[in-house]
1. May I ask you to evaluate 6.51 cos²θ - 1.76 cosθ + 1.60, the Karplus curve with θ = phi - 60°, for each residue of the range 115-121 and list the ³J(HN,Hα) values in order in whole Hz, giving x for glycine and proline?
2. Output ³J(HN,Hα) for the range 180-188: one whole-Hz value per residue in order, computed from phi by the Karplus curve 6.51 cos²θ - 1.76 cosθ + 1.60 with θ = phi - 60°, and x for Gly and Pro.
3. Using only the alpha-carbon atoms of the range 341-388 as identical scatterers, what base-10 log of I(q)/I(0) does the Debye formula give at q = 0.14, 0.17, 0.30 Å⁻¹?
4. Picking from F174, N297, I214, whose Cα lies most toward the positive end of the charge dipole for the chain (charges on Cβ: Lys, Arg +1; Asp, Glu -1)?
5. Pull up all non-local amide H partners of K3: gap of 5 or more, or a different chain, and H-to-H distance under 5 Å with H placed in the peptide plane.
6. Only four residue types carry charge here, +1 at the Cβ of Lys and Arg and -1 at the Cβ of Asp and Glu. Report the dipole size of the range 62-371 about the Cα centre in Debye, rounded to the nearest 20.
7. Which value, in debye to the nearest 20, describes the size of the charge dipole of the range 145-271 about its Cα centre when Lys and Arg Cβ atoms bear +1, Asp and Glu Cβ atoms bear -1, and nothing else is charged?
8. For the residues R70, R446, R421, R237, what sequence is obtained by ranking on other C-beta atoms within 10 Å, fewest first?
Amino acid sequence: MPKTFIINANIVNEEEIFLGDITIGDGIISKIDRKENFSYFPSQNSSNIIIDAKGKYLIPGAIDCHVHFREPGLTHKADIYSESRAAVAGGITSFMEMPNTIPNATNIQILEEKYKLASEKSIANYSFFIGGSNNNVNELLSINKKKICGIKLFMGASTGNMLTDQIDVLENIFSKSSVPIAVHCEDEEIINKNTSVYKEKFENNAPFSIHAEIRNEDACYKSTKFAIELAKKYNARLHITHVSTAAELQLIDNSTSLNKKKITTEVCPHYLWFDDSDYNTKKGFIKCNPSIKNSKNKIALFEGLINNKIDIISTDHAPHTIEEKQQPYFPCPSGVASIEHSLLIILEFFHKKKISLEKIVDKMCHSPAICYNIAKRGFIKEGYWADLVLLDMQTNWKVGKNNIYSKCGWSPYEETLFNSRITHTFVNGKLVFFENTFNENTKGKRLVFDR
């Protein structure tokens, strides 16, 4: 059988960087050779593929545990095919998608229909959350823990028909779930009260900067505190999505290793990159829930990432059409499109000497796999699936509409000059992205979980 060899790479894995060669066979990393000097070796088979990665960095494929690909029901915004292409262009080889599509994925039948769509369309690996509501507890508790990534709850922040706010329902889920419970934490009562005040004050001329005041720190803190109290009461496996405030970090313990934590957290690149001063220029293109807040919170979130109060980086990639995002504040939908630029954004912090490559790989590759117990992914190890990304850390390029792959066609990072470039992305050993071209003859695989 033909093999693929990646030679002379600076391999970033498990808190070290070393020079080495990787052999890939049947989609699996079959051999890792450490070496001291650059060298070449001849092909033993004319059908072998040899990629000389001299000067480049090889990392595990990033795993995005929080995306909205909009299929079914909202495919005018995005779909599994278009967004999986954007994902691999951004060095993300596996994604886990949220249930607020149309219909909401709140039962096994709808969930399996999404898996079928992904098997036909996605060039990245995939999994899907099942959504909680006040009416589907039995469905949530009957899922196969090895085949489904987790349960998504909107606690106090309504999305579609998935508001879960009845205490007896929440206690039932937290006390009995066998999979991680990923929670969107914002308090609906606080948000509704603030919305009424600002609607009366501004009517149709509201500035986008009020988003941080409507969906404020108190709304996040109150809901996150409640979720953590429930998790501790029932010893549940809780994952707090898109943390956006310094206050929430005060509730988080970082004294134990990730594989022993029962309560984990994530942050999104836009909370580390933007703050409320950017609403003046970015307007609806950075309107998202929870809101992007002030620079004090931005700084605290980055510190939380470094000190391991924040465990993983996910995108909350949530595209809308450009026409929708150009509406005035109140009708403008919330959501940031970022999946193809998330790794590059975090690499900019490396170039600014604020974070190491090893730490980036930990937060975007290793830790998502550990957090959700994903089988044989997220690391460069013999016997693991060959989900791999090659980085050119010396080439500058600028984001523009001509090089955006997401179906929505816009990015809040337009005109940003990146100092890194993704040159190759491998999914299950297949080269699916190379120098701005895609191999769409291969499809990703359904993620499996070691639980």
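1. Listing the rounded values in order: 4, 5, 4, 5, 4, 8, 10 Hz.
2. x, 9, 8, 10, 8, 10, 8, 8, 5
3. -0.38, -0.54, -1.06
4. It is F174, whose Cα lies furthest towards the positive end.
5. N48, I49
6. 700
7. 880
8. R446, R421, R237, R70
Every number in this text was worked out from the coordinates using simple rules, so none of it is lab data. Remember, predicted model here, so these are calculated numbers, not experimental data. Backbone-built Cβ (ideal geometry, glycine too); neighbour counts: all protein chains shown.
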